[in-house]
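Visitor: Let me give you the structure first, and then I'll get to my questions.
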Amino acid sequence: MEKRRVVITGLGAVTPLGNSVQETWEAAKNGKSGIEKITKFDASSCPITIAGEVKNFDFSIYGISPKVKRKLDSFSKFLMAASIQAVNDSGYTKENLSKEVKAGIIIGNCLGGQIAAEEGFSRYFNPEVGPFRISPLTAPMMIMNEAAANVSIHYGIHGISWTLSTACASGTDALGLAAELIRSGRLDVCISGGTESTINGFSLSSYYALQALSYHYNDTPQKACRPFDRDRDGFVVGEGSAVLILEELEHAKKRGAKIYAEVAGFGSSSDAYHITAPRKDGSIAALAMKEALLDANMQPEDIQYYNAHGTATIANDTAETNMLHSVFKEHAKKLHISSTKSMTGHLIGAAGALEALFCVKAITDSFIPPTINLDNPDIENGCDLDYTPKKGIQASVKAAASTSLGFGGHNSCIIIKKYL
């Protein structure tokens, strides 16, 4: 039986580069960094003092009541804002979306409400406050499903409401699962993407203890995230949310929706190797990409742009480049590649969703965003491809791929193509 086709009809974003898709994309096209000194808490005693924070975020413009607002951790607020943007962009309203019998929401998130959790722990361990003074909102604010649940409540969506947690692959997996549910007929339309907000002392110190974060650039934050560069020293934590409205093609056409692009394929694999490091040869991550190509009925040569996971760690950048050589062979040298994390930082559970959104924009605008801070490619560690250093370029993009490589060996790839 022929697969139902899945198209993208709405986009929304709240990121370190801007509080809308337009602001985010324009900043990315111009190679602007969203990484600055931390303002969300006093980081003076923290070994890491930089991050990709969401800036000038005004949640009041989304019409959420004060009663609801006070129950939301920032990761839920970001998702709510990005979802409202995407729904509005799709042409849906709160009234007609609630009437869609086969509507759902599938969201990726890694760490839940870290801000609420840290506040709760600080009260619990404070002898002057103690466990009896913890806010009753702590539990509902910190658990991972609450972001999607609040969007479901806001729109009156009675279908599937799921939250996936596969570390840095969460956002990509959410989109892949949403597409599969639409293909199968379980859903006709789905709010899908990812969200994350973990810029606090505990989270940053935890990643620092792993020796995974950049710390040599605390005084020059915009130069800190350096994927594939010889002088990189780790990733930079970012925050925010990206949401795509996925919809069955005929359903979208029937209601006269504008169509940005089509979800062509999805693939996933597990390294079964290490709790944080990817396999150096990228061989199992390559299986996810090969599965996505097979699912899309495409050849490697059909892909013009690849949005890299590109975390700016030696382990990731080497493994990912090896993966690309394995899958694309000679075409790897012709592939346009960039790591937009060089500008946004690593949005963890939201990263894959934002990078899929960048793939959509690369297709619609025929533009390859840059990998900034790439001054000296780390050839010694195998980083020998065209990563679009420093400045973006105009280029025709008929199909784009994005792969996410998460802690625990979660590998996922999504392929997006021009709608024809």
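Visitor: Starting from residues that are part of a helix (DSSP H, G or I) and among the hydrophobic types (A, V, I, L, M, F, W, C), keep the ones in segment 104-126 and report whichever is farthest from the chain's Cα centre (by Cα).
Guide: So, considering only residues that are part of a helix (DSSP H, G or I) and among the hydrophobic types (A, V, I, L, M, F, W, C), the one farthest from the chain's Cα centre (by Cα) is Phe121.
Visitor: Only one residue in Gly63, Gly91, Gly10 is of a type outside the set (D, E, K, R) and crowded, with 21+ Cβ neighbours inside 10 Å. Which one?
Guide: Only one candidate qualifies: Gly10.
Visitor: Which of (1) in contact with a Cys (Cβ under 8 Å, 6 or more places away or on another chain); (2) in a helix (DSSP H, G or I); (3) not aliphatic (A, V, I, L, M) is the odd one out, the single condition Glu250 does not satisfy?
Guide: (1)
Visitor: I would also like to ask the following. Can you tell me which residue within segment 187-240, out of those that are part of a strand (DSSP E or B) and under 19 Å from Cys46 (Cβ atoms), is farthest from the chain's Cα centre (by Cα)?
Guide: Step by step, filter segment 187-240, then rank; the result is Leu213.
Visitor: May I pose another question? Of everything in segment 1-21 that's touching a helix residue (DSSP H, G or I) at 6+ places or on another chain (Cβ under 6 Å) and outside any strand (DSSP E or B), which residue is farthest from Thr39 (Cα to Cα)?
Guide: Lys3
Visitor: Which pairs turn up if I take residues in segment 191-208 that are without any contact (Cβ under 8 Å) to a residue 40 or more places away in the chain and look for partners that are open to solvent by less than 30 Å² (accessible area, probe 1.4 Å) and in a helix (DSSP H, G or I) with beta carbon separation below 9 Å, at least 6 apart in sequence or on another chain?
Guide: Here the result reads none, with nothing in segment 191-208 linked to a residue that is open to solvent by less than 30 Å² (accessible area, probe 1.4 Å) and in a helix (DSSP H, G or I).
Visitor: May I pose another question? Take segment 386-404 and flag every residue that is out of contact with any helix residue (DSSP H, G or I) (no Cβ under 6 Å at 6 or more places or on another chain) and open to solvent by 10 Å² or more (accessible area, probe 1.4 Å).
Guide: Passing the criteria: Asp386, Pro389, Lys390, Lys391, Ile393, Gln394, Ala395, Ser396, Lys398.
Visitor: Could you please find all residues in segment 215-261 being open to solvent by 40 Å² or more (accessible area, probe 1.4 Å), within 14 Å of Ser90 (Cβ to Cβ) and among the charged types (D, E, K, R)?
Guide: Lys253, Lys254, Arg255, Lys258 - these are the residues of segment 215-261 that are open to solvent by 40 Å² or more (accessible area, probe 1.4 Å), within 14 Å of Ser90 (Cβ to Cβ) and among the charged types (D, E, K, R).
Visitor: Turning to a different aspect of this structure: Please state which one of Val68, Val129, Val101 is touching a His at 6+ places or on another chain (Cβ under 9 Å), at negative phi, surrounded by fewer than 16 Cβ atoms within 10 Å (Cβ to Cβ) and not in a helix (DSSP H, G or I).
Guide: The unique qualifying residue is Val101.
Visitor: Next question, about the same structure. Go through Ala148, Ala139 for me and flag whichever is under 24 Å from Leu244 (Cβ atoms) and either among the hydrophobic types (A, V, I, L, M, F, W, C) or not in a strand (DSSP E or B) (or both).
Guide: Testing whether each residue is under 24 Å from Leu244 (Cβ atoms) and either among the hydrophobic types (A, V, I, L, M, F, W, C) or not in a strand (DSSP E or B) (or both) leaves just Ala148.
Visitor: Here is a follow-up. Identify all residues within segment 253-287 that are of a type in the set (Phe, Trp, Tyr) and within 15 Å of Thr403 (Cα to Cα); write none if there are none.
Guide: Phe266
Visitor: Scan (1) in contact (Cβ under 8 Å) with a residue 40 or more places away in the chain; (2) open to solvent by 10 Å² or more (accessible area, probe 1.4 Å) for the single condition Leu335 breaks and write down its number.
Guide: Failed condition: (2).
Visitor: Report yes if some residue within segment 205-213 is in contact with a Pro (Cβ under 9 Å, 6 or more places away or on another chain) and crowded, with 24+ Cβ neighbours inside 10 Å; otherwise report no.
Guide: Yes, that holds for at least one residue.
Visitor: So how many residues does segment 172-202 have that are over 23 Å from Gly267 (Cβ atoms) and surrounded by fewer than 24 Cβ atoms within 10 Å (Cβ to Cβ)?
Guide: Matching residues across segment 172-202 total 4.
The values are calculated or read from the model by the stated rules, or taken from the named source; none is laboratory data. Quick caveat, the model's predicted, so the values are computed rather than measured. FYI the Cβ positions are ideal-geometry reconstructions off the backbone, even for glycines, and counts take in every protein chain you see. Surface accessibility is based on the protein's heavy atoms, side chains included, excluding ligands, DNA and RNA. Shrake-Rupley method; radii C 1.70, N 1.55, O 1.52, S 1.80 Å.
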